Amino acid sequence: MNYDKILDGLSNAYRYTDAAYWQLHETGDYESEDLDKAVSELESVKYKIESALGKLQLKADKETLQNPYAHVEELSNG
């Protein structure tokens with residue numbers, strides 16, 4: 001399985017979610033329930049993406065270790 005594209009997509013999603021989280025967090029309107037809810041939901045999504053990234057990276061690393069010639073295949077595929 002090619003984990004690179006999946007990892008790149010999740011990494012991008014994480015960056016966008018993190019940026020949105022901080023933009024919402026720094027608006028200064030701390031009395032808003034809607035803002036609190038949005039920040040909390042974004043934080044939850046951010047942690048889920050972070051967890052998924054970690055799990056996929058471990059799977060990718062494990063798969064690479066099980067195939068000691070993976071780097072040779074990767075180089076020959078250009």
ask   = Looking at this structure, is residue 65 assigned to a helix (DSSP H, G or I), modelled with pLDDT under 75 and surrounded by 15 or more Cβ atoms within 10 Å (Cβ to Cβ)?
value = no
request  = Check off (1) polar (S, T, N, Q); (2) in contact with a Leu (Cβ under 9 Å, 6 or more places away or on another chain); (3) at pLDDT 80 or above for residue 44 and give me the number that stays unchecked.
outcome  = (2)
inquiry  = Return the residues of the stretch 37-62 that are surrounded by 12 or more Cβ atoms within 10 Å (Cβ to Cβ) and among the hydrophobic types (A, V, I, L, M, F, W, C); say none if nothing qualifies.
reply    = 38, 39, 42, 45, 49, 52, 53, 56, 60
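The values are calculated or read from the model by the stated rules, or taken from the named source; none is laboratory data. Everything numeric in this text was worked out from a predicted model, so none of it was measured. All Cβ positions, glycine included, derive from the backbone under ideal geometry; neighbour counts span all protein chains shown.
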